[in-house]
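Step one of this worksheet: look at the structure below.
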Amino acid sequence: MNKPFKIVTEAAQPFTFSRRATVLGIGQGAVGLVLAGRMAWLSVAENQHYKLLSESNRVNMTLVPPRRGWIVDRHGAPIADNRTDFRVDIIPDRLEDKQHTLSLLTSVLALTADDLQRINTDLDRAAGFQPVQVEENLDWEHFAAVSVRIPEMPGVAPTRGFARNYPLGAAVAHLTGYVGSASAEQYEKEKDPLLVTPGFKLGKDGLEKALEDRLRGKPGAKRIEVTARGKLVRELATRPDTPGDTVRLTIDAGLQEYAARRLGTNSGSVVVLDVLTGDMLAMVSMPAYDPNSFSRGIGRMEWKMLSQDDHVPLMNKVLQGLYPPGSTVKPMHGLALLQNGIDPDQTVYCGGVMQVGRGRFHCWKRGGHGNINMHRAIPQSCDIYFFQMARQLGYDKFAPTAREMGLGAQYDLPFLSQYYGTVPDSQWKKKKYGKDWTVADSINASIGQGYLLVNPMQLAVMAARLSSGREIVPRILLDEPHRPAASLNLNPEHIKVIRRAMWAVVNGGGTGGAARMNIDGVDLAGKTGTAQVRRITMADRRAGRTGNASFPFHLRDHALFVGFAPADNPRYACSVVIEHGGHLIRNLDAPETASDVLSYMFDRERAIKRLHEAEATWGGDIATRMEAKRKAFMEAQNAPVPPPPKDVDDARSDVVERAASTDRSAATNAAATGSPEGGE
């Protein structure tokens, strides 16, 4: 049945209309209240938020890279500073026509084929936000020429800022390290916009990397008002950057440069310590790269030259080089004998060779030294004396003294990559190789061969502790608190015996006569050393192949020297390690190098004169030789050279590790046959 229609009378119509109007009014009022509330919220509570958004549309803000703090020497002389830099970068995200842009830049900046290869490689590797360097160190004319053509080259960003500068160049490369642009991986990890700001660079190696937090500073900001289309309206106030801290080192910049130059064409290192404080006055590893070149961005030719060099210029040999110390440890082993009750006047007969089982261990002096005691064994570097003592006592009696003198120790220095070497004993061998210690192991270790490995820093500490009888600890940051070195509580008579013997090495007819300083009132005390990197077989001996001149560079012995001066009142101690030097050229050998380096501290004019005379025979100073080597290398390249690796820092570490592993393996393999022939 159909529902009947409701009949609306004339009297009911006003009531129905009023009810609908009321509902509609309430609804309109509610919407109005919501809109009013939202407007109030936006205008009051969200005012700051939208004001900032509006400001960001009106104003573009770019970060200004902070100036890095200086690194200065103990006298305030700059080791790493900043200079004004005009540079040109490309922002890949904003690049519209790469070929057209590079063509214009080539015509304006005279870019070479090597430059273009590097830029293309970097553009392929870079994230879209990451600036790619085109050129830096531009003069004003070239910088202005690029600036006026910016409308033709979208994505090109000319910038005026500061660039890192190393006044001493390669002489400080392994001390300071270098700076470079952040990698895409670093940006993804930190998400810091400063890392992708054109012109910003951070520490990649050495002190630059270890002290990054102190050296970086805080960025400034440049504000520019623009239209909605991005057109420049005016420049607004700029917030200046805050430079990083100045870091003061214990290094003497003059001595550092002198020692680097004095190493000449060698592959080697020099360390000089202040015996009173432990301050590192010089820490030199040569050859080296030019940190100015690395900081600009290394080219493919330079990378290939450096990475293939058998002198390994990418390695910090002071802290990453491990070497058998050779005879430089004989004074220290003499101290160990004294501490174990051996009378320094007790004699041993040296006939030139000692038979142990089926093995024959040779003294460096073929005919032997005859009857010899400690007073003569150290100056004459008699191997048989130490063989006999090690056979009698066992090396477990020597090892504690070696550790007490600083070998095998880890020092708290601001360098991120260090190798610490090994002071072996019977417990160490059992743990590492699962084998028992042998008499042959003791004999080899007694003359600084076999499993005993040290770095040049440890050798310098050993010399400083032997000279002072105090627990010298090296430091390189002058602004850090430093306690006076504690006494090692050594018997003063024992120290006298060792110091007198080390004086005789240089001044009393010993093996180190070439190190005599010839400065009135200043004598140098020290000890020479030779470290084998190959096994001398009986076939080699029969054929007369025992001298270093018979072998290629990488098979020659290392030449070493440790010493201190003045001998009667020690103030400075040093170590010199010449890789594969083989004692072949006198003015490039370790004793004469050490003598000249320490002479610089007492008679600078004489030392510099001797350096100039020597450099005339080596082909000039460091910069001259590096340039000549670069030119010769480039002329010899017939095949195309591949670009440098994407991460130069990691690739450099790989080169260093391969070189270090090769040297360690060679040292261990040479352990089995006693002392080198004629090495002293």
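Read-outs: derived from the displayed coordinates by stated rules, not from any lab. None of these values were measured; they are calculated from a predicted model. Cβ sites come from the backbone with ideal geometry, for glycine too, and all protein chains shown count toward neighbours.
Odds and ends about this structure:
- FRET efficiency for Asp603 and Glu190, using Cβ-Cβ distance with R0 set to 35 Å, rounded to 0.05: 0.10
- Karplus (6.51, -1.76, 1.60) ³J(HN,Hα), θ = phi - 60°, over segment 335-348, in Hz, Gly and Pro reported as x: 4, 4, 5, 4, 5, 9, x, 6, 6, x, 8, 5, 9, 10
- By the count of other C-beta atoms within 10 Å, a proxy for reagent exposure, Leu478, Leu466, Leu453, Leu560 are ordered fewest to most as Leu478, Leu453, Leu466, Leu560.
- Phi-derived couplings, Karplus 6.51 cos²θ - 1.76 cosθ + 1.60 at θ = phi - 60°, listed residue by residue for segment 629-636: 5, 4, 5, 4, 5, 5, 5, 7 Hz, with x used for Gly and Pro.
- Label separation (Asp396 vs Thr624): 5.8 nm, computed from points 7 Å beyond Cα along the C-beta direction.
- For Arg470, the amide hydrogen comes within under 5 Å of the amide hydrogens of Leu488, counting only partners 5 or more places away or on other chains and with H modelled in the peptide plane.
- FRET efficiency for the pair Trp428 and Val353, taken as 1/(1 + (r/R0)^6) with r the Cβ-Cβ distance and R0 = 30 Å, rounds to 0.55.
- Ordering Arg465, Arg391, Arg499 from the fewest to the most neighbouring beta carbons within 10 Å gives Arg391, Arg499, Arg465.
- Amide N of segment 391-422 lying under 18 Å from the label point, which is placed 7 angstrom from the Cα of Asp436 along Cα→Cβ: 391-397
- When only Cα pairs below 8 angstrom with a gap of at least 6 residues are kept, the chain shows a relative contact order of 15 percent.
- The distance from the alpha carbon centre of segment 335-360 to that of segment 136-154 is 75 Å, rounded to a whole number.
- Other-chain or far-sequence residues with amide H under 5 Å of Leu249's (modelled H): Val72, Asp73, Arg74, Leu478
- Scalar couplings 3J(HN,Hα) for segment 79-86, obtained by applying the Karplus form with A = 6.51, B = -1.76, C = 1.60 to θ = phi - 60°, are 9, 9, 9, 10, 10, 5, 9, 9 Hz; x denotes Gly and Pro.
- Ranked Met332, Met305, criterion: other C-beta atoms within 10 Å, fewest first: Met305, Met332
- Figure legend: label point modelled 7 angstrom from the Cα of Arg535 along Cα→Cβ; residues of segment 438-464 with amide N under 17 Å from it are 438-445, 449-452.
- Under-5 Å amide H pairs with Gly268, H placed in peptide plane, nonlocal only: Met286, Glu579
- From the coordinates shown, log10 I(q)/I(0) by the Debye sum over Cα atoms at q = 0.05, 0.09, 0.12 Å⁻¹ corresponds to which of (1) -0.26, -0.80, -1.38; (2) -0.22, -0.74, -1.31; (3) -0.34, -0.82, -1.22: (3)
- Span from the segment 266-315 Cα centroid across to the segment 399-435 one, whole angstrom: 25
- Segment Ala77-Arg38, extension gain: residue separation times 0.36 nm, minus the distance between their alpha carbons: 7.7 nm
- Inter-label distance for Arg403 and Phe553, nm, one decimal - labels placed 7 Å from Cα along Cα-to-Cβ: 3.9
- Label reach from Glu657 (point 7 Å along Cα→C-beta): in segment 403-420, amide nitrogens under 14 Å belong to 417-419.
- Total lysine pairs whose alpha carbons fall under 21 Å of each other in segment 60-248 (8 or more apart, or interchain): 15
- Taking a straight line from the alpha carbon of Lys629, these lysines sit under 19 Å away, with near neighbours fewer than eight places off in the same chain left out: Lys304.
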